[in-house]
1. Return the long-range amide H neighbours of residue 127 (sequence gap of 5 or more, or a different chain), with a cut-off of under 5 Å between placed amide H atoms.
2. At a 10 Å Cβ-Cβ cut-off, how would you order 21, 32, fewest neighbours first?
3. Could you give the C-alpha radius of gyration of the chain expressed as a fraction of 2.2 N^0.38 Å, taking N as the number of residues it contains?
4. What ³J(HN,Hα) values, in whole Hz, does the Karplus curve 6.51 cos²θ - 1.76 cosθ + 1.60 give for segment 76-85 when θ = phi - 60°, with x put for Gly and Pro?
5. Would you look at the GNM of the chain, springs on alpha carbons closer than 10 Å, and say which of 50, 121, 113 moves the most?
6. Quick one: among 124, 101, 86, which has the greatest mean-square fluctuation in a GNM of the chain with alpha-carbon springs under 10 angstrom?
7. If you rank 105, 24 by fewest surrounding Cβ atoms within 10 Å, what's the result?
Amino acid sequence: MAAEVKTIGPELSDLVLSINDWAYSVGEIEVDNSEGTDPIVIPSGSPADTDGTLITASALAGGGTQTECLVLGKQIVDAGKVMKVPVLLRGPAILKKSGLPALDYEGASFNTTTLATEIATLSPLIILRDALTTVEEQTT
């Protein structure tokens, strides 16, 4: 079954403040819902493996996984489909802490501190910030 290509939606700006080199940092993974009977709704910023496995909140809390990428923009993989979704594979990038997902695709709550720690393991560096730093003009 050929995979469909999904575009990045407007929710991207809720997560991403800056990605220095899109061609280097952004890629795609195939999420397989070919045997599913319900669509998979993936929140923007959800952790995943490059093989297309979405990391659940319970797997992240259990410590048995390693985040390899983050889904960019809210993605919906329809039942019976295999779909390519855009992901942030590596930095340099700056993300909003407030843009990290509170829930996984199953509706379970992420521990955002654990998720932030996982993101810090991606290389090159991905920085989490509350907001962009403002620059003040010095008048003297």
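1. Residues meeting the criterion, in which the H sits 1.01 Å from N, are 93, 94, 95.
2. Going from sparsest to densest Cβ surroundings: 21, 32.
3. Cα Rg divided by the expected 2.2 N^0.38 Å: 1.09.
4. So the Karplus estimates, Gly and Pro as x, are 10, 9, 5, 4, x, 10, 10, 9, 7, 10 Hz.
5. Most flexible of the set in this elastic network: 113.
6. Of 124, 101, 86, the Gaussian network model singles out 124 as fluctuating most.
7. Ranking 105, 24 by Cβ neighbours within 10 Å, fewest first, gives 24, 105.
No lab work stands behind these numbers, since they all come straight from the coordinates. In this text the structure is predicted, and so the values were computed from the model without any measurement. Every residue, glycine as well, gets a Cβ built from its backbone with ideal geometry; the counts of neighbours run over all protein chains shown.
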